[in-house]
Each structure stands twice: as structure tokens, then as C-alpha cells.
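Participant: One structure coming up, written as C-alpha cells, with questions to follow.
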Amino acid sequence: MYKNIDPERDKETQRSKEVNAPTPLEISATHIIDFEEMVNQKIRSNGTLKQWRATEKKLKEFISHKFKRQDLELSRIEYSFASKFYDYLTFKRIPKLGEAAAMKQISNTKQLLTTAETNKYIKKNQLKNSNVAVKNPKFHLWKSS
């Protein structure tokens, strides 16, 4: 009734997918290309495209700063990535971003990781349920929509 399940084979299959998986910056670049086409067809706005380019730039800066690399494997993104990215954007980056702008960058990054999850490049979007605490009292806790 049950198939003969080989856990080692399943692990190897998952590792194989991760090796062939695009990186966060590759996913971002593909998303931007697709978004440019939508802007050209007047389906999306040029302002939103600028936001996506800004997210890619800031994500690239953060990966370089935090991991001392040009890009990162998707499997290295863990739950704490969002809070580390937020801290970088609001405290360490020059120029620093305001809270709302930083949260927008995190939201866009979550969206990129949702694309990776949908395409089965990763099993779970580690940022999907992450919360990023901020200092402003009117923003006690930020939760993804």
C-alpha cells in the first residue's frame, strides 16, 4: 500500500532543487524584467517599478554588508533575516531609511520569497510570518498582510 520511502533520496532531491534554485537577487532581477513588461503595457505603474529596483539595490547592499557576498542561497535566509534587514536599513545603512520605507523593503522581500516558495525553490518562506518590532510607539509590531 505504501511506497518504499527513502529519506536519503528525498533529502538528495531537495538538495538538488536548492542547488538549481535561483538566488534572491536573481529572483528580484526576473521580477523586475517581468514588471517592466507590465509597465510597458500600462498594467503597472513606473513608480512601483522604481520601488522594486530600490528593493533590489537595498537587498544587494544588505547581503554584501551582512554576509560579505554578492548574493546568497535561498536556503540561508532564516526567520531572523527580516529583523536583521530592518536593523540594517534603519540603523546601519547610510543614508538610513525611515520605518515605513524600511518596512516596504521587507514587504517586497517577503513577496520575492513567496515567489520562490510558489515555484518550489524553497519549502517555506521564512519571512512569511515574521514580525519586525519598531521604535515608533504607533507601530508596536509590524505584521505581514
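The values are calculated or read from the model by the stated rules, or taken from the named source; none is laboratory data. As the structure is a computational prediction, the values presented were derived from the model and not from experiment. So basically every Cβ, Gly included, is an ideal-geometry build from the backbone, and we count neighbours across all protein chains shown.
Participant: If I filter the range 76-94 down to residues being part of a helix (DSSP H, G or I), surrounded by fewer than 18 Cβ atoms within 10 Å (Cβ to Cβ) and not charged (D, E, K, R), which single residue comes out as nearest to the chain's Cα centre (by Cα)?
Facilitator: 83
Participant: Further question on the same structure: As an exercise: evaluate residue 140 against (1) modelled with pLDDT of 90 or more; (2) part of a loop (DSSP other than H, G, I, E, B); (3) over 26 Å from residue 33 (Cβ atoms) and give the number of the one condition it does not meet.
Facilitator: (1)
Participant: Applying the selection to the range 69-119, what residues are over 18 Å from residue 54 (Cβ atoms), small (Gly, Ala, Ser) and free of Cβ contacts under 8 Å to residues at least 60 places away in the same chain?
Facilitator: Within the range 69-119, 75, 80, 83 qualify.
Participant: While we're on this one: Could you grab me the full set of residues in the range 1-36 that are of a type in the set (S, T, N, Q), at pLDDT below 55 and not in a helix (DSSP H, G or I)? Show your work before the answer.
Facilitator: In the first step, residues of the range 1-36 are kept if they are of a type in the set (S, T, N, Q); the result is 4, 13-14, 16, 20, 23, 28, 30.
Next cut, at pLDDT below 55 only: 4, 13-14, 16.
The one that is of a type in the set (S, T, N, Q), at pLDDT below 55 and not in a helix (DSSP H, G or I): 4.
Participant: Moving on to the next point. Taking residue 125, is it in contact with an Asp or Glu (Cβ under 7 Å, 6 or more places away or on another chain) and in contact (Cβ under 8 Å) with a residue 12 or more places away in the chain?
Facilitator: When the stated conditions are applied, residue 125 passes them.
Participant: Whether any residue in the range 72-90 is modelled with pLDDT of 95 or more, among the hydrophobic types (A, V, I, L, M, F, W, C) and farther than 22 Å from residue 124 by Cα is what I want to check.
Facilitator: Yes: the range 72-90 contains one or more residues that are modelled with pLDDT of 95 or more, among the hydrophobic types (A, V, I, L, M, F, W, C) and farther than 22 Å from residue 124 by Cα.
Participant: Looking at the range 37-58, is at least one residue surrounded by fewer than 15 Cβ atoms within 10 Å (Cβ to Cβ), at pLDDT 95 or above, β-branched (Val, Ile, Thr) and over 16 Å from residue 112 (Cα atoms)?
Facilitator: yes
Participant: Would you check if residue 97 is outside any helix (DSSP H, G or I) and farther than 20 Å from residue 30 by Cβ?
Facilitator: Working: outside any helix (DSSP H, G or I): yes; farther than 20 Å from residue 30 by Cβ: yes.
So residue 97 passes the test.
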